[in-house]
Amino acid sequence: MAADRSTVHGSDLDIVAGNGLLHRRMFLTAGTAAAAAVASSALPNLSAADALPIEPWMKVPGSGFVGYGQPSKYEEKVARTWNTAPGTTGTGAARTPLHLLDGMITPNGVHFERSHSGIPDINPNTHRLLIHGLVKRPLTFTLESLERYPRESRVSFLECGGNGQLLYQKEAAAVGVQAIHGLVSCAEWTGVRLSVLLQEAGVDPKAKWILAEGADAASMSRSIPLAKAMDDALIALYQNGERVRPSNGYPMRLLLPGYEGNMNVKWLRRIKLTEAPTMTKDETSKYTITLPDGKSLQFVLLQEGKSVITRPSPGLTMKEPGLYEISGLAWSGYGKVTKVEVSADGGKSWAKAALQSPVLPKALTRFRIPWRWNGGPAVLQSRATDETGYVQPTREKMIAARGNRTIYHSNAITTWAVSDKGEVKHVYA
C-alpha cells in the first residue's frame, strides 16, 4: 500500500501498513525520528536526586560467588511449563517461554524438552557410541575418544514435529506463545561431524539410510537419509558452550539442522547404516501426517518456514496507546529467513520487519517492527519467507492441504487480537 506520513514529537515516521505499522528503518538506522519517538515512552523529566535515589541494595555489600550462576530471583517467571503422560514422570514435553526471551539464542535452562521415557542418568565414562551395519569397519567411540576429533559449531534451531499442533483444532485455543509454539529453541551446538566418523568406518555403497538410536528406556530411534548424515549432521557434545544438558541428550546427541526435532536423537548410542528405512515404532505409529483421505505422509523431514509474534502476545497486556515494538521469531528448515512481514489489520496490509543480525540458515531469526497503537482493536499476524521462496501459509491453506487429523508440522500464520483495553488473545482470522 502507498505510505502516508505521521508526525511523532515533531519527527516524521512512515506509516507503511494499516493500523499504525511504521517503517522498519527505525530499527535499521539510529535516526532522530527513532530517538524522538522512543523518548515518548521515557519517564517525565525529574531532578537528578529524584531520578536516581540511593536504593537499599546500594547501602550493603552484595552476595558472594557461587559455583554455577543462576538468574535473578526477579526473573523466576522465565521458566518452562510442561505436561507429562498419565502414570509417568518423564514422558511428555517442557515448553520454552519464548514470549519472555529476546535475541535468537535460548538459554540452556529453558530449552524445550521432549522425552519418551524420562531423562536417563547416563555415566559418561561407560557410555559408548557404536557405528555398524553397512560399513567396512564397525567402530565404537567413547566420549574421551570423540574429544580427540576436530570440532565444529552450528547455531541451529530444534523444533518438535508437534510444535504448533493446537492450530489444527477447530476453535482457537485460549493460550499464548508458550503453549502453542514453545517446542522450539535455538542454541550453539558444538561437536564432531558425523561424516568424519562414517568415513572412518568406511561406508558400503549399498547404504542409503542410517538408524539412530538413543540410550533412554524407550530406545527412541529414527531412520535418517545417509545424505543428511554426510552433509551437516553433528554429534553434539556441547550446548551453548557447556556440556549438553541431560534433558537435551547428555553426554551426546545427534544434531540434524532443519530436520524435525524427534530425528535429532538424544542420548545417542548407536548408528546403523542400512539400505532402506528401518520403519521403527517412532516413525510409523508417530511422526506421520494423516491426510484428509486417510493416507499418511511418512518421512516429512524438514521443518517448514514459520514465524510467530512473541511481543505483544497473550499474557503481555499493553497499558496505554503509544509507540510499541512488535517483535518475534522466524525460522525455516530450508535455510535462511529472507523476509518477515507483519500485519496489524488481520492480513489486509503487510509491512516488512527488520531482521536482527545475525541471520543464519536453519536458526531462529529475531524480527522487529515499530507500531503506533492508537488504543483501538488490532489483529496482529506475521509471515515468513525463506531463501527458497517458501512463504508461510495461512491456517486456512494449511488445513485445506492436510486436514485436521494430524498434529505434526503445523506452521500456519498465528493471529493475536488486541482489544481496546490492550489485552491480547489467540484467535483465528
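Among the residues of the stretch 71-130, those that are without any contact (Cβ under 8 Å) to a residue 12 or more places away in the chain and within 16 Å of Cys160 (Cβ to Cβ) comprise Asn83, Thr84, Ala85. Reported count of residues in the stretch 216-236, each being free of Cβ contacts under 8 Å to residues at least 24 places away in the same chain and either of a type in the set (Val, Ile, Thr) or outside any loop (DSSP other than H, G, I, E, B) (or both), is 1. The criterion of being under 19 Å from Tyr408 (Cβ atoms), in contact (Cβ under 8 Å) with a residue 40 or more places away in the chain, open to solvent by less than 50 Å² (accessible area, probe 1.4 Å) and not basic (Lys, Arg) does not hold for Asn248. Every test in (1) more than 27 Å from Gly305 (Cβ to Cβ); (2) crowded, with 24+ Cβ neighbours inside 10 Å is passed by Ala233 save one, and that test is (1). Among residues of the stretch 305-332 being touching a Gly at 6+ places or on another chain (Cβ under 7 Å) and assigned to a loop (DSSP other than H, G, I, E, B), the one that is surrounded by the fewest Cβ atoms within 10 Å (Cβ to Cβ) is Lys319. Considering only the stretch 143-165, state which residues are in contact (Cβ under 8 Å) with a residue 24 or more places away in the chain, open to solvent by 40 Å² or more (accessible area, probe 1.4 Å) and assigned to a loop (DSSP other than H, G, I, E, B). Glu147, Tyr149, Pro150, Arg151, listed by residue number.
Taking the stretch 246-304 as the range and being modelled with pLDDT under 95 and either of a type in the set (Lys, Arg) or outside any loop (DSSP other than H, G, I, E, B) (or both) as the test, the residues that pass are Lys281, Asp282, Glu283, Lys286, Ile289, Thr290, Lys295, Ser296, Leu297. Of the residues Thr190, Thr140, the single one that is loosely packed, with under 13 Cβ neighbours inside 10 Å, touching a strand residue (DSSP E or B) at 6+ places or on another chain (Cβ under 9 Å), touching a residue at least 12 places away in the same chain (Cβ under 8 Å) and hydroxyl-bearing (Ser, Thr, Tyr) is Thr140. For the stretch 251-281, a tally of residues being on the phi > 0 side of the Ramachandran plot and crowded, with 21+ Cβ neighbours inside 10 Å returns 2. Residue count for the stretch 193-215 under the criterion of being assigned to a helix (DSSP H, G or I), in contact with a strand residue (DSSP E or B) (Cβ under 8 Å, 6 or more places away or on another chain) and surrounded by fewer than 16 Cβ atoms within 10 Å (Cβ to Cβ): the result is 1.
With the condition kept exactly as written, say whether any residue in the stretch 230-246 is more than 24 Å from the chain's Cα centre (by Cα) and within 26 Å of Thr190 (Cα to Cα). Checked against the condition, which is being more than 24 Å from the chain's Cα centre (by Cα) and within 26 Å of Thr190 (Cα to Cα), the stretch 230-246 yields at least one hit.
The strands (runs of 3 or more DSSP E) falling completely within the stretch 56-138 that include 2 or more residues that are within 15 Å of the chain's Cα centre (by Cα) and among the aliphatic types (A, V, I, L, M) map to 92-95. For Ser296, the conditions (1) under 29 Å from Val175 (Cβ atoms); (2) open to solvent by 10 Å² or more (accessible area, probe 1.4 Å); (3) in contact (Cβ under 8 Å) with a residue 24 or more places away in the chain are fulfilled apart from (3). Quick one: would you say Gly335 is small (Gly, Ala, Ser) and open to solvent by 20 Å² or more (accessible area, probe 1.4 Å)? In short, no. Restricting the stretch 395-414 to residues that are closer than 24 Å to Val359 by Cα and of a type outside the set (A, V, I, L, M, F, W, C) leaves a set whose member that is surrounded by the most Cβ atoms within 10 Å (Cβ to Cβ) is Thr414.
Somewhere in the stretch 328-350, is a residue of a type outside the set (A, V, I, L, M, F, W, C), under 14 Å from the mean Cα position of the chain (by Cα) and over 18 Å from Arg154 (Cβ atoms)? Yes, there is a match, as at least one residue in the stretch 328-350 is of a type outside the set (A, V, I, L, M, F, W, C), under 14 Å from the mean Cα position of the chain (by Cα) and over 18 Å from Arg154 (Cβ atoms). Scanning the stretch 301-325 for residues that are under 14 Å from Ile413 (Cβ atoms) and among the β-branched types (Val, Ile, Thr) gives Val308, Ile309.
The values are calculated or read from the model by the stated rules, or taken from the named source; none is laboratory data. All values derive from a computational prediction rather than experimental measurement. Using ideal geometry, Cβ is built from the backbone for each residue, glycine included, and neighbour counts are taken over all protein chains shown. Protein only, heavy atoms only, side chains kept; ligands, DNA and RNA dropped before computing areas. Shrake-Rupley method; radii C 1.70, N 1.55, O 1.52, S 1.80 Å.
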